[in-house]
Amino acid sequence: MLGLGVDRLQADINRLLTSLFHQGVLDEQFLQLQQLQDDTSPTFVYDVINIYFDESEKLLRNLRLLLMDREFSDYKKIGLHLNQLVGSSSSIGARRVRNVCVAFRSASELNNRPGCLRGLEVVEHEYHYLKNMMHELFQVLIHVISYTHNSLYNYLIDPT
Amino acid sequence: MVCEMETDQTEEMDIEVLSSMWPEDVGTQADNQFNVEKPAGDSDTLKEVDIAEKRTMADLKRLPELMNNTDQGSSQLTNLVKQWEYMQDHAVKLLREELKILTRQREEAEAKELKIIEEHNFETQEPENVPVLDDTSHLFRKFKHKKRDALVGSKRVEIDEEFDTVAYWKQKALSLEKMLEASTERERRLIEKLNESLKTMESHSAPVEELTQNLKRAEGFLHFILQNAPIVMGHQDKDLRYLFIYNKFPTLREQDILGKTDVEIFHGGGVKESEDFKREVLEKGKASKREITFETDLFGSKTFLIYVEPVYNKAREKIGINYMGMEVTDQVRKREKMAKLREDNAVRKAMESELNKTIHITEETMRAKQMLATMSHEIRSPLSGVVGMAEILSTTKLDKEQRQLLNVMISSGDLVLQLINDILDLSKVESGVMRLEATKFRPREVVKHVLQTAAASLKKDLTLEGNITDEVPIEVVGDVLRIRQILTNLISNAIKFTHQGKVGIKLKVISEPSFASAGAEEQNSLTETETSVWIRCDVYDTGIGIPENALPCLFKKYMQASADHARKYGGTGLGLAICKQLVELMGGQLTVTSQVNAGSTFTFILPYKVATSDDHSDDQDFSDMVDHHQPEPDDTTEGYFQFKPLLGSIYSNGGPVIGNNFLPHKVMLTSPLKLINSFVTDSSNNTAQSEMVQVENGGYMDETCSGPCPSKETESCSSSQASSEGGVLEMESELTVSSRVEEDKTETSKQPKILLVEDNKINIVVAKSMMKQLGYTFDIANNGVEAITAIKDTSYDLVLMDVCMPVLDGLKATRLIRSYEESGNWDAAREAGVDIKTSESEQVCVHSINRLPIIAMTANTLAESSEECYANGMDSFISKPVTLQKLKECLRQYLH
């Protein structure tokens, strides 16, 4: 019984990841993260993603503040923030977030305020979608762990 | 009538100021002085206008004859006669009316007289007092007569006195006297009236004068209308000799024209034509119009619209022609211009639509290509997910069967990835996106490595050889990656279709080929300081060859020599197309000669710049690494390599390579990774024991019929080659890497010092983890300023530098570091505002006079960005996101 449950959860995780790959939400860089996770840092993916969420939320908050300012003209700062966001998103393999960020950035380079506002909305949407998906993934993983009592995400390296 | 017609015509013409038909300055003063410049107003003004009658020139003897003989002439005369008759009739009518009035007056007078007579009643008693009045007076007689006829009771002179008394006679005499007076008075009045009538009669009695006047007016009117009209009129007889001309060219005199024909008067183009035309009209007897352009000495080029009508005499015989010419040069010119414009317009429109069509087609093609590229890209992403997952899966514990299945899966995935990469490459070249990069490289080493790589995966009994002539420079500048790709493609192609014998590469310098001389001039002029060299590269084999009819479509996309070949040998048919496009992109030419069953030779000719030897080598090609760290003086000039089949042997034999004293770990470090992979298929293998590797490797191959595997690094070249063998690829596993790294660690006595300059937290975390896996640690700087400070204090072996950073970006920081290396001080950095704390001792620091390798980490992988990196003194660059593979390669390249 126990084994069956783990298999099912494992299948769920695989399905989820596959669909995320197919939708282009994630790309091969995410696999890089998983490769980096080993016995010495068993929660590496989880940690990195969490740092990413913390950082990104800060950046998004700043972006929104900058854009809400009516007399705002600091597109340069927006560009810097977006560079950060693009960099970290591509580092964790959040492909879609990265792509919409790039679009947002090109709007900011043109000082295109409506474009920026639209860009921010799309970025936030993608970001939240990613966050929800990751949350779901981690939830399943926690279940797996509760079954296997294994170290957190070691399953990926050694699912048996 | 005629005049009216003329005026109508002039009104129909363009409303513009018409210059005179003939030039203004030609002709005598006298001709011009009476010309009315702008006749205005109605016909009344004609009376005051003095018409110069000089324009007409007529043969006065023959013209009246003409007038009498022709229909027109007689009709005009008739007209005039009629007019005169009409006027006479009118005069008669007037006279009659006058007569009527007079008659009535006379009757009245008679009636009055009768009354008087009645009053006096002379009837019976007195004799006729005839003597009083003159008998000869006609009127009186008539009156008398009438009196007798008409008077019934005429009045008598009433006398109150007794008859025959003195008083009576006296009275009678008095009254008679009165009557006589009245009568005389009447007579006088009548005479007056008669005189008056006579006078009026006189005034009507000169019809010829009147007619002359009328004629004069008509003529004046005609002159007035015609004198400024750009019209020339004339009459010519049967022989086309002029009898009459109006508005002749000013310098011609009477004797010049009259009695002569056109041909006799004018010379030049159009004269003959007009003469013929007139004759034609004369013969046909039908009036017609024609436009004739004259090109005469007299008045230059002028176009006339000529109207010619035949003239008949009363006997209906032709006696000549009337002609009228109107100058329409401007109109014709305008019309021609319009026609030309219209034509141009039509042509332009046609061209435009043609262009639009072309643009449309091009756009469609571009879109199709773009779609292909996008699709390929879209396929690649999930596919790399699949392959990546499979790779991860392969690192787990699997039994033999599972591993084999997985290997098939990964290699198939790799094949598809390769195909997609090919398509993307192709669309990149075609859309002009692909940029070439100029790097320094050693052609001998490239050839050697390509052959080495091919030999490593060779499963056939083939000899691979390389032959480079001495004059080929040791180092040249070109896009080594692309050249390698071409060579590898051609070599693997050759191997694929060759079952025995040899496959080889021959390099030699040739003179500039003819196809390039035109285009090369421009390039040469740009880089005059550098010498360029043309190298011809032959890739030959002793394979199945290519039939002649298949040669034309050899370089076409998705085409193979025959369907049969496609089945037998597989492949996408893209390889040669890419090679050709790449060669052409680099300004060269790819050709092929072949003989069925004897072999084929693919030849490409490319221009290279010759690298100057004093340049410090910032070459990043892997092939160079061998020599940088394993100096082999022979190798740089070695012109011949040979690689015998790998089967049964460990690595390669023959050629200079065998002489390399490689320890296993050295092999890993210095030669392309596929070698490692072919050895280290399992982490449990001890790579140091080469015998065992050989057994393992051979056994493995026997079992699965698979060739050794290329790694991702050489994906572009080797995987196509591996695929050409139809073999199964085995991907390098991460476990292999880590086990190797573990080994490296034990071997490496000194841990290299690495500085990571990066502001992004996530990137730092990821990089840290990667470095840990690779067995390295590093220091972190968050921006360029921190990096400079760190470099000042510590001696690093390698710097990984983010390009885009706050405070001081990577490019600037690198420039400052380079400037320090050159000058030995940080003045430039200080000038740039970096706060450097100097201590005197540090001015003569030992550590970083050597060039510090700086690797850029850039999110932008476009060529210009990499150029920017190089321009700012960076040694290489890693495109973001950083992967383990990229990092590993980079570290391998710069840390050993």
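Data table
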item: Set A:V122, A:V97, A:V102: member being buried (at least 21 other Cβ atoms within 10 Å of the Cβ) and either β-branched (V, I, T) or more than 10 Å from chain B (Cβ to nearest Cβ) (or both); result: A:V97
item: Selected residue [touching a residue at least 40 places away in the same chain (Cβ under 8 Å), assigned to a loop (DSSP other than H, G, I, E, B) and either more than 14 Å from chain A (Cβ to nearest Cβ) or of a type outside the set (V, I, T) (or both)] from B:L415, B:L458; result: B:L458
item: Count - residues of segment B:294-351 that are surrounded by 15 or more Cβ atoms within 10 Å (Cβ to Cβ), without any contact (Cβ under 8 Å) to a residue 40 or more places away in the chain and polar (S, T, N, Q); result: 3
item: Helices (runs of 4 or more DSSP H) lying entirely in segment B:212-296 (those with 1 or more residues that are within 25 Å of B:R316 (Cβ to Cβ) and of a type in the set (A, V, I, L, M)); result: B:271-284
item: Count of residues meeting criterion [within 13 Å of chain A (Cβ to nearest Cβ), hydrophobic (A, V, I, L, M, F, W, C), farther than 15 Å from B:Y894 by Cα and in contact (Cβ under 8 Å) with a residue 60 or more places away in the chain] in segment B:767-804; result: 3
item: Check on B:T395, at pLDDT below 90, in contact with a Lys or Arg (Cβ under 7 Å, 6 or more places away or on another chain), surrounded by 11 or more Cβ atoms within 10 Å (Cβ to Cβ) and not charged (D, E, K, R); result: no
item: Residues of segment B:336-387 that turn out to be at pLDDT below 85 and away from every other protein chain (no Cβ under 14 Å), as a count; result: 13
item: When residues of segment B:181-238 are limited to those that are polar (S, T, N, Q), surrounded by 13 or more Cβ atoms within 10 Å (Cβ to Cβ) and farther than 30 Å from B:R104 by Cβ, the one nearest to the chain's Cα centre (by Cα); result: B:N228
item: Hits in segment B:426-452 (condition: at pLDDT 75 or above and either surrounded by 23 or more Cβ atoms within 10 Å (Cβ to Cβ) or in a helix (DSSP H, G or I) (or both)); result: B:F441, B:R442, B:P443, B:R444, B:E445, B:V446, B:V447, B:K448, B:H449, B:V450, B:L451, B:Q452
item: Identity of the residue in segment A:37-56, more than 8 Å from chain B (Cβ to nearest Cβ) and loosely packed, with under 13 Cβ neighbours inside 10 Å, that ends up modelled with the highest pLDDT; result: A:D54
item: Residue count, segment A:45-96 (criterion: polar (S, T, N, Q) and under 10 Å from the mean Cα position of the chain (by Cα)); result: 6
item: Residue within segment B:851-858 that is more than 14 Å from chain A (Cβ to nearest Cβ) and modelled with pLDDT under 80 present; result: no
item: Flag for A:L65 being out of contact with any Ser or Thr (no Cβ under 7 Å at 6 or more places or on another chain), more than 12 Å from every other protein chain (Cβ to nearest Cβ) and under 18 Å from A:Y127 (Cβ atoms); result: yes
item: Sole residue being closer than 19 Å to B:A767 by Cβ and of a type in the set (A, V, I, L, M), chosen from A:L85, A:L66; result: A:L85
item: Which numbered condition B:V408 misses (of (1) under 24 Å from A:D27 (Cα atoms); (2) within 12 Å of chain A (Cβ to nearest Cβ)); result: (2)
item: Residue list for segment B:461-486, restricted to those being part of a loop (DSSP other than H, G, I, E, B) and either touching a residue at least 40 places away in the same chain (Cβ under 8 Å) or β-branched (V, I, T) (or both); result: B:D461, B:T469, B:D470, B:V472, B:P473, B:I474, B:E475, B:D479
item: Condition met for B:Q404 (of a type in the set (S, T, N, Q), modelled with pLDDT under 85 and surrounded by fewer than 23 Cβ atoms within 10 Å (Cβ to Cβ)); result: yes
item: Output for segment A:19-36, where each listed residue is within 8 Å of chain B (Cβ to nearest Cβ) and surrounded by 17 or more Cβ atoms within 10 Å (Cβ to Cβ); result: A:F21, A:L26, A:D27, A:E28, A:Q29, A:L31, A:Q32, A:L33, A:Q34, A:Q35, A:L36
item: B:I791 being farther than 20 Å from B:C869 by Cα and modelled with pLDDT of 85 or more; result: no
item: Qualifying residue in segment B:487-497 (condition: modelled with pLDDT of 80 or more and outside any helix (DSSP H, G or I)); result: yes
item: Residues that are β-branched (V, I, T) and crowded, with 22+ Cβ neighbours inside 10 Å, drawn from segment B:755-764; result: B:V757, B:I762
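The values are calculated or read from the model by the stated rules, or taken from the named source; none is laboratory data. Since we're looking at a predicted model, the values are computed, not measured. Positions of Cβ are backbone-derived with ideal geometry, glycine not excepted, and every protein chain shown enters the neighbour counts.
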